[in-house]
Structure formats: structure tokens, C-alpha cells
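To start, the structure itself, in C-alpha cells.
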Amino acid sequence: MRYRSDIDGLRAIAVLLVLMFHGGLTIFPSGFIGVDIFFVISGFLITSIIHNKLINNNFSLPDFYISRLWRLQPALILTLIFTLIVAAIFYLPADFINYLKSAQYTTSFISNQYFERITTSYASPDSAFFLLLHTWSLSIEWQWYLILPAIIYFLHRFISQKSISVATISIAVVFIGMAFYFSNKNPDKSYYFLSSRIFEFMIGSSLATLNLSRVSFKRNTSLILGVISLVALIYCATKNNIVIGYPDYHALIVSLATALLILIGVSKNTISSSILSWPPLVFIGTISYSLYLWHWPIFSTARYLGFTENLYLLLVCYSLTFITAYLSYILIEEPYRRKRCSLIKSLIILVLIPVVAFTLLSSIAKSYDGLPIRFGSELSHIESSLKEYNSTQRESCFNSKSNDLREKCNIGDHTTPLKKALLIGDSNSNHFWSFFDVLGSQSNTSITAISSSSCLALPDIKQYKWGVGTKINDVCLKNTNKYFNYIKTEKYDFVIIGELWSNYLHNIAKENGKPASESEAESAIYHALDNAITLIEKSGATPILIKEIAHMPKDYMDCFYSPYKERKNFKNNKYRCGFKITPSDTTWVERVFNKIENDHPKVIFINPRLIQCKDDHCLGNVDGKPIYRDSGHLTDYAAYNFGLDFIKVYKNPLD
């Protein structure tokens, strides 16, 4: 078919968009739309194969899966072997365990479900180091392969040939509606859903069921449609901040534009076809699968090792990507795509063995805490100390869906408590778990500690879900109401609220649901906090507000862990990785706290930063152990020791 070169050109555009996006080039801030282009092309090509073979009565389901397995799996397995070596050498224990889990899910064709659970959202900073993050799309592709043959066979079995196109278009429309539903319901997670992506495949499938031999466009018509389609792709790729809620109408535009370019490719001598058939684009499109497989692990490794992201690093990473992709194509893709053996044997070699291997490796790594001895005895000692102080109970009392956690989530004095306290808030209250365990234990106070992610736990205030545009955080509202019902019905001596206060100024909604301005948000937060304090005082409890710790510097993790990754000798003292507090726009928080202090003199303020920092200079470690477990939270080891130091220097606020 002559439009094959056009499809290779489209593949090239798709993979180049993805490469530029993952490389951090801002020219295409939404270059992830390249994946949508791939899905439409896949829907078109695979449906064409099945549809035509069913018409000719020579379709074989085993042959279909044998072909797909040997087309995709060998290059993926090579990528898995490479990433395993990288992770084994450089990835720290917890990250190594996460890598092996992701590999286990990748070999099982469900990595999209894994990454949906463990990432904040696609393209968020917490996903930058996942070596196999990009395999989410391959998992969706394989899940689609399990559905597609049944759909096409059903249509051929029960619907006339003339009606198949109408049926596939109708199915596509239904799944467009489903994608829009999930975009609205789960805007921060719908990116990874198969159910949100089926319409993209189905648009390609709808195109494949048309009689393309009868399609013909006049030159001027082809020119106009081709230009419109290419402009639509560029428009979506250059838009900012469309990943939340994606795939949505932007994905529909991309999918329709891609389908139109394929359709135009059937006509001869069109300008869009001339562009897409340009030999360099065709070459890139030919090796696009290997380019896609190799680019992300290369970039992810460079970032994990802390290399400075500049033009030089980009050139090195892109060069390595093209070299490895070409070698993968000529040495793996091309030879193995022609290989044929039975379906059972193919499944054993290409699926079962990798699944078993990575399941075993994952189990071993988890059993041995990520094998920290790989980095030497000192890191092994650090990891064992962190594990000793790490509380699994703390983790289970954060974001739990259980209705009542009051009996399960208790810290402090467990023997003869004379007082009761409630600790609520967001993840910043949760990371003070060990801090308050110390304070409670030494003051005969039992503390119930429950918290919700990104939740300003104050009554009568509307706030958006974190990073999800203007969608109200109903879960936070529900949990906050639950917390304050406890305050009203239980007899607490203290109610402690801990928040990352400074993060909420731009996350507040007005009564009409529209975003509040900074001054409106500050006022709303003050009134909500004032109301919360009033309710706490009326219940007979003493309110306690926790101020924020010093925020982790951007390069802290590299500073602390790079010597271990690189197996360097270094001097470990309390000043290592220390830092100076940089000015930040948090004066509004102090204004709110000052008002609260004036209005409610009995409020107790706890400032852990007084232990962490002296004269704006902050500790870099505690006894050689890291202060932070991630970009915003203390390790349990640091929180415990901060609690001990706080009591030594200041009076225990729970006495």
C-alpha cells in the first residue's frame, strides 16, 4: 500500500514529539500526544490485517499473536535487560525495589495500572526516575490486542460487510463518551486508563474498515485537509498544561487529524504525503519503536545520576538514543520479527520466562530490602537504621479508606495515658508521626494520628484537588467533616493540625467554585482556621498548630546519595548536605498565624524548624542519616530525633 510511507512519516512525527517532550524541550510542551498518534496508527494497521484476512477467510488467531509477540517482545526484553543492569548498579534500595515491581508489571502487560497507582500524574516530577514508565503505552497496546480480534470477529460474524464501518464508528463514538467521562471523573489518573484510550484505536479501526480503494481527493482538497490536520497536531503539541484530564477533546483532535492524514495518504501527489514521505522521516518512522523503547531509560538514568540538564546532555542522550535504537532495529527487531514458532513456545519464551524471572527478582529484592550492600556497608547501615525507625502503621494511617481509624492509628503513650490528642492534616502532619510519638510518650498522652493527602483539613473551605485544575477535593471535605465530628463527640485534651500551609494559597475556590485570588484565598484560609480553632476550643481541647519544616533544596537527594551511587569516599559529618534557607513567599502564612495568635491566645504553635535550623542554616543529616525521605517529608528517623531534641530545648507542649 502506497500510504505505508505516509504512516512511517506519521510514526516519525509521533516519536519525535515524544522524544522532545521527554527531553524537556519546551517547544512542544504537550509532545506526549505522539502516543495518541501511535494508537490511531496501530488501530488502523492491526484492524486492516484482521479485517482483510477475515474477508479472505484466512485469519488465524494464534498466528496473529505469534506475529505480535515476535514483533514487539524481543526489543522490549533487551530494554528490560539493560534497565535491570542500570538499576542493579545505580538504583538505591527503595528505587531498585520499585524498578523490579515495574518490570514485573511490564512483563505482565499491566504496567499502566502500576504507574497509575504510584505516580501523582503523568509527567509529574515523581515519575522522572522510573526506568520503565514509558511501557504504560505498550501495556495498553497489548490489552487492546486481547480485545480487538474479538470485536472484529464479532462484527464479521453477525453484521453485513456494508454495516461494519458504521458499527466501528459507532463503537468509537461510545468510547469517546467514556473517555470524556473519565477525563472529568478522574482527571489526574485517566491518562493511564485503557478505557480512556480505546476510542483512539477505534478511530484507526473505523478507517481500516472503509473501502480505501475508492477514496480520492482533489489536489486542492487534499492540500487544505492535510494542512488543517498538521496544524491541528502542532496546535495540540504546543499547548501548555493539558495533561490533567487527558485524554480529552485535545486527544480527539489529535486522533481525527491522524486519521485524516492516513486517509489523505491514499490519494496521490498530495503535499502532506510528500512531507510525510520525506526519506529522513520515513527512516525515523521505521525505527520508531526502538526509539521509543530506548529514549526514556537513557534520559531517566542520566537524571537519576544527577547530571546537569543542559544542551550538552541533551545531545549526548539523543545521540545515544538514535545509536542504540538503530542497533536494536537491525540486530533485534528485523531478525526476530520474521521468526515463527508455536504460540505456546512463543508465550513461554517471550512472556512466561520474563514474568517469572522478574517476579523472583522482585521477591528477592523485597526480602533483602533492596540489597543495600550493593553500595557498601555504610549505606547498608543507613538503610537498616531508617527501616528500624520507619513506621508501617504511619503509612497505613495516611490516605486510608477505612471509615474509622481511631483505634488503629494511635501513637504516644499506650500504657497509662492521662490525656488524649488528635493529630490531623495533610501529609505534613503524617510525617510528624514519630515526632509526636516522642512528645506523647513523654507526657502520658495518647495521640490519634490520621491524615489525607493534599488536604487543608479546615471546615467550611472549598479547595481543589491537588494539580487538577478546578475540580473540588470532595475526599478532603469528607475527611475534614469526619475529623471535626470526632472533635465534637470525643473528649480530646489537644487537637493538633499540621499542614504544608504555604502550598494552599493557589488552591482555594470561592463559593461559586471559581479560583480565589491570593487575597481572597488568604482571607478564606484565615476564616476557616479561625473557625476550626473556635470549634476546638468549644470542645474543651487546646489547639496546636505545627509550622512547616525547612523545605528540601532541589539538589539535596543528589548531594546525600550521589557519593553512594558513584562509590566515592567522603567525610560524613552533620554539616554534609546542609543548606541555607532561601527567601520564599510565605509571609501570608505568618500574617494568618499572627492574627490567630492575637485572636486565640491559648493556641500553641510548634516550630520544628527551630531544631532543624540555626540562624537560617539547616542541618543536612541526623547522625549521618538523611533528613528527608522525599521532596517534602521527613524520614521517621529525623522526625524521632527532632522530637527528642525539641523536648530537650523547649517545654513539651503536651505537658
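The values are calculated or read from the model by the stated rules, or taken from the named source; none is laboratory data. All values derive from a computational prediction rather than experimental measurement. Virtual Cβ from ideal backbone geometry, glycine too; neighbours counted across all protein chains shown. Note: areas computed on protein heavy atoms with side chains; ligands, DNA, RNA excluded. Shrake-Rupley method; radii C 1.70, N 1.55, O 1.52, S 1.80 Å.
Here the convex hull built on the C-alpha positions of region 394-503 has a volume of 99 cubic angstrom per residue.
When you restrict to C-alpha pairs under 8 Å that are six or more residues apart and normalise by the size of region 415-500, the relative contact order lands at 42 percent. The Cα-based radius of gyration and maximum Cα-Cα distance (Dmax) for region 534-593 are 19.3, 58 Å. Between Tyr312 and Ser170, residue separation times 0.36 nm minus the direct Cα-Cα distance comes to 46.2 nm.
Rolled with a 1.4 Å probe across the full set of protein chains, the surface gives Val173 an accessible area near 90 Å². In plain terms, the bigger the Kirkwood radius, the slower the diffusion; for the chain, with that radius from Cα pairs, at 10 °C and 1.306 mPa s, Stokes-Einstein puts D at 57 µm²/s. Take the Cβ atoms of Glu590 and Thr359, set R0 to 51 Å, and the FRET efficiency comes out at 0.50. No disulfide-compatible partner, judged by a Cβ distance under 4.7 Å, exists for the following cysteines of the chain: Cys236, Cys317, Cys341. Residue ranking by accessible heavy-atom surface, 1.4 Å probe, largest first, among Tyr336, Tyr145, Tyr329 comes out as Tyr336, Tyr329, Tyr145.
For region 67-204, the relative contact order comes to 22 percent (Cα pairs under 8 Å, sequence separation of at least 6). Using the Cβ of Ile546 as centre and a radius below 12 Å, the other residues enclosed give a net charge of -1, where K and R count +1 and D and E count -1. Loop-located trypsin sites (Lys or Arg not before Pro) across region 1-99 with a Cβ neighbour count of 14 or fewer within 10 Å are Arg2, with loop assigned by DSSP. Fully extending the segment from Asn390 to Asn652, taken as 0.36 nm per residue of separation minus the present Cα-Cα distance, adds 92.0 nm.
In the chain, the calculated helix contribution to ellipticity at 222 nm averages -18000 deg cm²/dmol per residue, counting -39,500 (n - 2.57) for every DSSP H run with n ≥ 4. Between the alpha-carbon centres of region 279-311 and region 449-522 there is a gap of 41 Å. Computed from the alpha carbon positions, the gyration tensor of region 522-568 leads to an equivalent ellipsoid with semi-axes of 43, 14, 6 Å, biggest first.
Normalised by the number of residues in the chain, the mean separation of alpha-carbon contacts (under 8 Å, six or more apart) gives a relative contact order of 15 percent. Going by accessible surface with a 1.4 Å probe and the largest first, Met202, Met20 read Met20, Met202.
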